[in-house]
Amino acid sequence: MLFKKKERVVLGHRALFGILFFLLFTVSFSSFNNDAFAEAKYSPVVQKLLVLYEANPEVLDKALAVAITPATGQCSVSPVTGKPFCWNGKSVNDLLDFFEGWLNFTPTPQNDGFDNYQLFYDLCYNNNYALQFVRTEPWLSWTRDFTKARGEKMDGPVKPEIIQKWKEFLGSHWNDYVIPEGGFTSFNQFFIRKIKAEKRPVFGDDTILVAPADSVVNAINFNLSATTKISTKYSENLNVRELLDGSKYADTFSGGTAISCVLLPTVYHRYHAPVGGTVIESRSVDGTSFGLAGDVDSFFNNGNFGGNKTKFGVFGTYHRGYYIIQTEKYGLVGMISVGLDDVNSINFASGFADIPKKSPAKIVKKGQRLGYFAYGGSLVILLFEPNVFPGLKISQGQQLGILNKIQSDE
């Protein structure tokens, strides 16, 4: 009886050990499968968001639970699927899928990808939990990681059919550009394409101000003060001191003029000197990249919900670079390259960065290239001293602008 009792105890221990081993193996195998599934489905930056969510699911769970139909009253269209998408009733998996789709999205002439922002604005509309995601840690740092990953995607291989769509869109103008041997191998290589010099002749003598880039002039401000708000794009407003990040030259432009020149997604994205002279100061100024840092409560809760007429002023200051050009006869001319939306990479031409801190003052010719924007929204703002450039002067019969046909409601 004693032997049988001990035998039962040993067998019981073995059975218990077997059950525990089975459970441990099952949990480990399940965990391995989940990790492998996530690794297969999501890019590393989106996997990182999943890890942050698993550590603290409350913010995103509640953000999705209280998501409402946007102020338009309609679901926005996903640029990835082309179908209406609302956040009502969606799960964190839908959010992860959204960011994965956005990460891998490549713009075409027919679809510039702004709808990704539109969808994200929809989630944030009247949603305080979603606002925590865009303005508090660790989520805020993750948005910067996502922006960096987007930039790396734009630098990576691009499908030939994407470039073909752009070629068809540009038509005969395709031959205006310098095409690398073997064609463009990344989207950013195409986006920052060089143009043949003869296709952009520099007009006139030194009295003629020339356009810094292929752009649309969307605002002219007269009689500037240091705190005058200048429209940058989508009604984003910054003053001269903010634009120049406190430069000692900022107040030189008080009483002067500012012009805002918007670069559309489809145009040549290098920018050039609008006048000749000497660059006496230049600097890159860090700022918002993802577009949603800072106090955005008033933005979403005052009826803004994305689109071309959205007021982006509460987003704070975007990433930008500036140049101060000393001319011989026309005083100082300020030139600010501003990155907006998505990646918004700003790149200085060789020898023109960090003047005079790291590089000496440098002579620049009118029309000389000063830098370029990699993928992301962009514009150039020009600043002039008082009475130097009081307004646009155009001779009769010369191009004033390009008209668009009235769109029919039918």
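The values are calculated or read from the model by the stated rules, or taken from the named source; none is laboratory data. Please read these numbers as outputs of a predicted model, since none were measured by experiment. Counting neighbours? That spans all protein chains shown, and the Cβs are built from the backbone with ideal geometry, glycine included. Surface accessibility is based on the protein's heavy atoms, side chains included, excluding ligands, DNA and RNA. Shrake-Rupley method; radii C 1.70, N 1.55, O 1.52, S 1.80 Å.
So the values come out like this:
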| quantity | calculated |
| --- | --- |
| Residue list for the range 169-186, filter: assigned to a helix (DSSP H, G or I), free of Cβ contacts under 8 Å to residues at least 40 places away in the same chain and open to solvent by 70 Å² or more (accessible area, probe 1.4 Å) | S172, H173, N175 |
| Among residues of the range 206-215, those that are among the β-branched types (V, I, T) and either touching a helix residue (DSSP H, G or I) at 6+ places or on another chain (Cβ under 7 Å) or over 13 Å from Q368 (Cβ atoms) (or both), counted | 2 |
| Residue selected from the range 288-310 under the condition polar (S, T, N, Q) and either surrounded by 15 or more Cβ atoms within 10 Å (Cβ to Cβ) or in a loop (DSSP other than H, G, I, E, B) (or both), by the criterion modelled with the lowest pLDDT | N308 |
| Matching residues in the range 311-349 - criterion: being at pLDDT 70 or above, part of a strand (DSSP E or B), among the hydroxyl-bearing types (S, T, Y) and farther than 14 Å from A250 by Cβ | S337 |
| Which numbered condition D122 misses (of (1) touching a helix residue (DSSP H, G or I) at 6+ places or on another chain (Cβ under 6 Å); (2) touching a residue at least 12 places away in the same chain (Cβ under 8 Å)) | (1) |
| Checklist (1) under 24 Å from G156 (Cα atoms); (2) crowded, with 18+ Cβ neighbours inside 10 Å applied to K48, failing item | (2) |
| Condition met for P160 (within 30 Å of Y268 (Cβ to Cβ), surrounded by fewer than 16 Cβ atoms within 10 Å (Cβ to Cβ), at pLDDT 85 or above and in contact with a Gly (Cβ under 9 Å, 6 or more places away or on another chain)) | yes |
| Filter result (out of contact with any Phe, Trp or Tyr (no Cβ under 7 Å at 6 or more places or on another chain) and either of a type in the set (G, A, S) or surrounded by fewer than 19 Cβ atoms within 10 Å (Cβ to Cβ) (or both)) within the range 360-389 | P360, A361, I363, K365, G367, Q368, R369, G376, G377, S378, P386, N387 |
| Single residue of V66, V77, V51, V59 found to be touching an Asp or Glu at 6+ places or on another chain (Cβ under 8 Å) and aliphatic (A, V, I, L, M) | V77 |
| Complete set of residues in the range 105-157 that are of a type in the set (A, V, I, L, M, F, W, C), open to solvent by 10 Å² or more (accessible area, probe 1.4 Å) and modelled with pLDDT under 85 | F114, L140 |
| Residue list for the range 268-287, restricted to those being in a strand (DSSP E or B), more than 17 Å from K199 (Cβ to Cβ) and not aliphatic (A, V, I, L, M) | G277, T278, E281, S282, R283, S284 |
| Close pairs from the range 148-168: first touching a residue at least 24 places away in the same chain (Cβ under 8 Å) and at negative phi, partner β-branched (V, I, T) and in a strand (DSSP E or B), Cβ under 8 Å, at least 6 apart | I162/T108; K165/T108; W166/T108 |
| Per-region count, the range 195-205, residues outside any helix (DSSP H, G or I), exposed (fewer than 14 other Cβ atoms within 10 Å of the Cβ) and either modelled with pLDDT of 95 or more or in contact with a helix residue (DSSP H, G or I) (Cβ under 8 Å, 6 or more places away or on another chain) (or both) | 1 |
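Conditions (1) of a type in the set (F, W, Y); (2) in a loop (DSSP other than H, G, I, E, B); (3) in contact with a Cys (Cβ under 7 Å, 6 or more places away or on another chain); (4) at positive phi, marked per residue:
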| site | (1), (2), (3), (4) |
| --- | --- |
| P70 | no, yes, no, no |
| V80 | no, yes, no, no |
| G89 | no, yes, no, yes |
| D115 | no, no, no, no |
| L140 | no, no, no, no |
